[in-house]
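J.: Dropping the structure in here first, questions after.
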């Protein structure tokens, strides 16, 4: 339970800084909040919460270059003790579609940094991720 509370505090604290670059109540700020909720659902292993944020026709490209659909994505969910800090959000909105990029650092079980690109679409009044691509940030070459 302590881990979950710690993750919530971390996600909310980092969210405030990330959202601060966009006007409060803006579509961009709302999408960043949704992205943080998606990350939190992943950390908790909450398939229902993540499933509500991911479209039925979702296509994801994993860090290993594999393509996955929504069912495959949700099937691998399990709670974990990782902490994730996301920043450097860039959100571009085009009517009912938005492209989001950000950087994240994972600490705990997996210790990696990565960049993600998400394509969000607003359908029936709800924003959902329709596409995702993540790539690990490697250390600079020696």
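J.: Quick one: compute the contact order of the chain, relative version, from alpha carbon pairs under 8 angstrom and 6+ residues apart, as a percent. Write out the running numbers ahead of the final one.
T.: Details: 241 pairs, mean separation 29.1, N = 142.
Result for the chain is 20 percent.
J.: What ranking do 82, 87 get, fewest neighbouring Cβ atoms within 10 angstrom at the top?
T.: By the 10 Å Cβ count, ascending: 87, 82.
J.: I've got another one for you. Show me, bin by bin at 5 Å from 0, the whole-percent P(r) of segment 80-121 based on Cα pairs.
T.: Taking every Cα pair in segment 80-121, the percentages come to 6, 23, 23, 17, 15, 10, 6, 1.
J.: Residue 122 to residue 142: FRET efficiency via 1/(1 + (r/R0)^6), r the Cβ-Cβ distance, R0 41 Å, to the nearest 0.05? Please report the intermediate quantities before stating the final value.
T.: On the way: r = 45 Å, r/R0 = 1.10.
Once the sixth-power term is evaluated, E becomes 0.35.
J.: Once you have the alpha carbon radius of gyration of the chain, what is it after dividing by 2.2 N^0.38 Å, with N set to its residue count? Let's see the in-between values first.
T.: Details: Rg = 14.7 Å, N = 142, 2.2 N^0.38 = 14.5 Å.
Dividing the Cα radius of gyration by 2.2 N^0.38 Å gives 1.01.
J.: Would you mind getting me the FRET efficiency between residue 88 and residue 52? Use the beta-carbon distance for r and R0 = 35 Å, nearest 0.05. Before the final figure, lay out the partial values.
T.: On the way: r = 26 Å, r/R0 = 0.74.
Given R0 = 35 Å and the Cβ-Cβ separation, E is 0.85.
Any read-out appearing in this document is the output of simple, stated calculations on the displayed coordinates, not a laboratory observation. These numbers were taken from a predicted model, which means no experiment stands behind them. Note: ideal-geometry Cβ built from the backbone for every residue, glycine included; neighbour counts use all protein chains shown.
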